[in-house]
Amino acid sequence: MTILTASLNGAKTLEDTIRSIRRQTLSSIQHIVIDGGSVDGTLDILEKYGEDYDLSWISEPDKGIADALNKGLRLAKGKYILVLQTDDQLLREDSLEKVWGTIKKCPSDFHIFPVIFDDPRKGRKLLAPVPFLWWNHFKFIFCHQGCFASRQVFEDIGGFRTEFPITFDYDFFYRALNNRCTVKFADFPATVMGATGISSNPAFLFKRLKEEFRVQKSNERAVFWMAAQRIFRMLYMPYKRFNHRLGS
């Protein structure tokens, strides 16, 4: 199994991410950190743990998270790939062992797990994936921290598209479903999602929504779903703007 981590000045939380990986009871884990040229002590952390487990890393300028992850994909050797960012962690020591046991019982292109969202203000809460694949025509139906994707899928449809700097994961899964990839849902969480990622930042809410709509326009070919998406956009954006004003 391969874990990819894109990093840029994430030293405050990266060490916790690394520790959650290196303590895993599953033996065959490849961890690749793709750093964008951090200047905050990130490289010191990577050098510190470089000999402790199967950790490899590069540090050089990139064109964003999608570009960084694509660099990692070219080095990935595991049959399944998980994207775990610098403020994310694996939940327990046996998390990957349990995940691998689930995968072996019923192989699929994607294995989707619930994610625990760690909000520093409101505490932890469970984010369950939406089990209805048709809903992906309107919204991303799970968190990438809970998605274990077969490396074969990347080989079949390509990596992450850099023209979607926030919603590259939504675009990737949209293309995968268009390619009739198979999906299995699990009922236990394996990872903890941090609250500092760009997709969790309220300041990027409407930029993310507009980007999601671009993903849909870029990938959808069925006339029915294109019409349904136009109606959804007309209703959903005003709804989110209203809620955003109430929360501000």
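Quick notes on this structure:
- Screening the range 14-24 for residues that are over 12 Å from L84 (Cα atoms) and either charged (D, E, K, R) or modelled with pLDDT under 95 (or both) and picking the one that is least open to solvent (accessible area, probe 1.4 Å) gives E15.
- Among the residues making up the range 68-101, those that are assigned to a strand (DSSP E or B) and under 25 Å from S38 (Cβ atoms) are I81, L82, V83, Q89, L90.
- All positions within the range 102-118 that are outside any loop (DSSP other than H, G, I, E, B) and without any contact (Cβ under 8 Å) to a residue 60 or more places away in the chain: I103, K104, K105
- Among residues of the range 25-36 being in a loop (DSSP other than H, G, I, E, B) and at pLDDT 95 or above, the one that is most open to solvent (accessible area, probe 1.4 Å) is T25.
- Residue check, W100 at pLDDT 95 or above and farther than 26 Å from N219 by Cα: yes
- Residue pairs meeting the criteria (Cβ under 7 Å; at least 6 apart or on separate chains; first free of Cβ contacts under 8 Å to residues at least 40 places away in the same chain, in the range 25-46; second exposed (fewer than 14 other Cβ atoms within 10 Å of the Cβ) and in a loop (DSSP other than H, G, I, E, B)): G36/P61; G37/E60; G37/P61
- Qualifying residue in the range 49-59 (condition: in a helix (DSSP H, G or I), touching a strand residue (DSSP E or B) at 6+ places or on another chain (Cβ under 6 Å), of a type in the set (S, T, N, Q) and open to solvent by less than 70 Å² (accessible area, probe 1.4 Å)): no
The values are calculated or read from the model by the stated rules, or taken from the named source; none is laboratory data. All values reported here derive from a predicted model rather than from experimental measurement. Neighbour counts run over all protein chains shown; Cβ positions are idealised from the backbone, glycine included. Accessible surface areas use protein heavy atoms only, side chains included; no ligands, DNA or RNA. Shrake-Rupley method; radii C 1.70, N 1.55, O 1.52, S 1.80 Å.
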